[in-house]
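The structure appears below as structure tokens.
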Amino acid sequence: MRFEVTILGNGSASPVVGRYQTAHVLNVREQFFLVDCGEGTQERLMRAGVSPLQIRAVFVSHIHGDHVYGLLPLVSSMGFMGRKSPLPIFGPAGVGRLIDFFVNDFGQPVDFPLEFTAVDTSNGGLVYENKSMEVHSVPLRHRVPTTGYVFREKQDGVGTVPRSYAFLSDTTASGRAALLAKGVDLMYHEATFSDADRHLAARTGHSTALGAAKIALKAEAGKLIIGHFSARYKDVSVLEAEARTVFEQSYIAEQGRVFSLR
Ligand SMILES: [Zn+2]
Ligand SMILES: [Zn+2]
């Protein structure tokens, strides 16, 4: 049964031709979860062959546009497509205010419930659970309240090894986040800048590729995906090379790439 992450976008705030903003889909045993929803996400979903109607829940890291600008058009499309089932959405409180604005001021935009749950961005905790997985929040350090998420499969039977995935974006490198994501099989950590531009990372509340790799190492992650690249890097393979000096199993979040866990 599948446990895989499909990268939809790997960009940050400034637009770059061909580079979409942060979003990806997590497939846990044919249950689809959308993680962040930058501009253009619904087009990326179409390319990935995932229908908006398949999305069970949406997890948003923070209110910055490159993580939420795609949410309202996607939710509108779900309405056009006849969605009736509620859509759970998780994120910091500001995301709830965006949804309230949409529901209250857009003239009955959709006729299915948007069930928002505010995530505590100061303390980690369980935010979602179903019979096959649970999702815990991870407080991050950024310019606005921000949360990461750790998705852990539940044990179901003798001999099976539960798989896990952590999403940590946007943030300065955080030892606490590494601790909360300890032992995950797959970690997505933002790597907006290279080490040469670390002063920019420090100023903007972001990480470098080197910093992301150090967190993956500290967390003893199995594999690292780096993404959320600054528009200043036309060739992001330099960031991959930089991460690999510390954590060999580092990979670029190439758009459309699927990372599968066995
Ligand atoms: Zn961002
Ligand atoms: Zn941000």
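Key figures
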item: Single unsatisfied condition, residue 220 versus (1) closer than 18 Å to residue 140 by Cβ; (2) in contact with a Gly (Cβ under 7 Å, 6 or more places away or on another chain); (3) surrounded by fewer than 22 Cβ atoms within 10 Å (Cβ to Cβ); result: (1)
item: Filter result (open to solvent by 10 Å² or more (accessible area, probe 1.4 Å), closer than 12 Å to residue 257 by Cβ and either more than 16 Å from ligand 2 (Cβ to nearest atom) or without any contact (Cβ under 8 Å) to a residue 60 or more places away in the chain (or both)) within region 1-27; result: 4, 6
item: The listed residue being among the aliphatic types (A, V, I, L, M), in contact with a strand residue (DSSP E or B) (Cβ under 6 Å, 6 or more places away or on another chain), at pLDDT 95 or above and surrounded by 13 or more Cβ atoms within 10 Å (Cβ to Cβ), out of 98, 87; result: 87
item: Selected residue [in contact with a helix residue (DSSP H, G or I) (Cβ under 9 Å, 6 or more places away or on another chain) and open to solvent by 20 Å² or more (accessible area, probe 1.4 Å)] from 49, 107, 125, 82; result: 82
item: Complete set of residues in region 172-192 that are open to solvent by 10 Å² or more (accessible area, probe 1.4 Å) and either touching a helix residue (DSSP H, G or I) at 6+ places or on another chain (Cβ under 6 Å) or touching a residue at least 60 places away in the same chain (Cβ under 8 Å) (or both); result: 173, 182, 185
item: Within region 204-217, considering residues that are over 16 Å from residue 232 (Cα atoms) and assigned to a helix (DSSP H, G or I), the one most open to solvent (accessible area, probe 1.4 Å); result: 214
item: Residue list for region 232-253, filter: open to solvent by 20 Å² or more (accessible area, probe 1.4 Å) and within 12 Å of residue 12 (Cβ to Cβ); result: 232, 233, 236
item: Which numbered condition residue 115 misses (of (1) within 17 Å of the chain's Cα centre (by Cα); (2) assigned to a strand (DSSP E or B)); result: (1)
item: Subset of region 24-44 (residues that are part of a helix (DSSP H, G or I) and under 14 Å from the mean Cα position of the chain (by Cα)); result: 41
item: Residue count, region 128-158 (criterion: on the phi < 0 side of the Ramachandran plot, free of Cβ contacts under 8 Å to residues at least 40 places away in the same chain and open to solvent by 40 Å² or more (accessible area, probe 1.4 Å)); result: 8
item: All positions within region 131-183 that are more than 23 Å from residue 38 (Cβ to Cβ), of a type outside the set (Ser, Thr, Tyr) and in a loop (DSSP other than H, G, I, E, B); result: 131, 154, 155, 156, 157, 158, 159, 161, 162, 163, 182, 183
item: Filter pass, residue 161 being among the β-branched types (Val, Ile, Thr) and away from ligand 2 (no atom under 15 Å from the Cβ); result: yes
item: The lone exception for residue 63 - which of (1) within 16 Å of ligand 1 (Cβ to nearest atom); (2) part of a helix (DSSP H, G or I); (3) open to solvent by 50 Å² or more (accessible area, probe 1.4 Å) it fails; result: (2)
item: Yes/no for residue 171 being farther than 27 Å from residue 11 by Cβ and either touching a strand residue (DSSP E or B) at 6+ places or on another chain (Cβ under 8 Å) or among the polar types (S, T, N, Q) (or both); result: no
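The values are calculated or read from the model by the stated rules, or taken from the named source; none is laboratory data. Nothing here was measured: the structure is a model prediction, and the numbers come from that model. Cβ coordinates were reconstructed from backbone atoms using ideal geometry, including for glycine residues, and neighbour counts include every protein chain displayed. Only protein heavy atoms, including side chains, enter the accessible area calculation; ligands, DNA and RNA are left aside. Shrake-Rupley method; radii C 1.70, N 1.55, O 1.52, S 1.80 Å.
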